[in-house]
């Protein structure tokens, strides 16, 4: 097995003098809160703003993104690692040319690869940095080790929470587990909360204030409130037709809310404050912990 120092030398060599994608992880403390819907609708909004976007579906065992894409990918990340596929071969292109990569079970075995395999993968990931301006990582829900690894590696986290008491409690549990992670650094991690399925906009702010008060007191993790997504039957209709609501009904109140959040994320000053690690940097953080 390649030693960790050698792994990082390979990664560092490939990070020099090249564009870096902005990696954004979308997560939640529990399932069923609209996390994948947020990921794909933000991707559509980013595309409308002229950004090249790739979604990495790291929610193993579920196929929410591909269902919304209305397609079944032929390949996943495991095919790149073990079958010699190129990065462009494992990308499925969905609506508005949003790219989609199924994580499969490929990431779990990366730490056991020899030097040649690792160099091959990192070279491919460097190419992904050149293909995309933004990579959205749709993580699993909850506090599994794999989820926490992705969150620590990305540095920019969108936490989706709903007004349900269990969602608030589980969001706090997730942040507590993140805070205790051995590689967590608060100066390198930005947590941005989005309130989903709210009846009124003020409800989202109240929800954030409640969660933030507890997090500030006990965890010292700085949080940012990005805004809210309203309860909207148009989302349900769009999902039934396997289309993002931002495409099917751009004037729906939920579409407008997704657009507003996308603009906040891509605000010039906000983007400059957010350090870019790129995809090879993202995976270097995961490899360090394995």
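Figure legend: label point modelled 7 angstrom from the Cα of residue 206 along Cα→Cβ; residues of the stretch 151-166 with amide N under 14 Å from it are 163-165. Neighbour counts of C-beta atoms inside 10 Å place 139, 162 in the sequence 162, 139, starting with the fewest. For residue 71 and residue 213, a Förster radius of 45 Å and the Cβ-Cβ distance give a FRET efficiency of 0.60, rounded to the nearest 0.05. Taking the fewest neighbouring Cβ atoms within 10 Å as the starting point, the ordered list for 157, 229 is 157, 229. Subtracting the Cα-Cα distance of residue 188 and residue 83 from 0.36 nm times their residue separation leaves 34.4 nm of extension gain.
Just so you know, all these numbers are worked out from the coordinates, no wet-lab data involved. Predicted model, so just to flag it, every value in this text is computed and none were measured. Note that we place each Cβ from the backbone using ideal geometry, even for glycine, and neighbour counts take in every protein chain shown.
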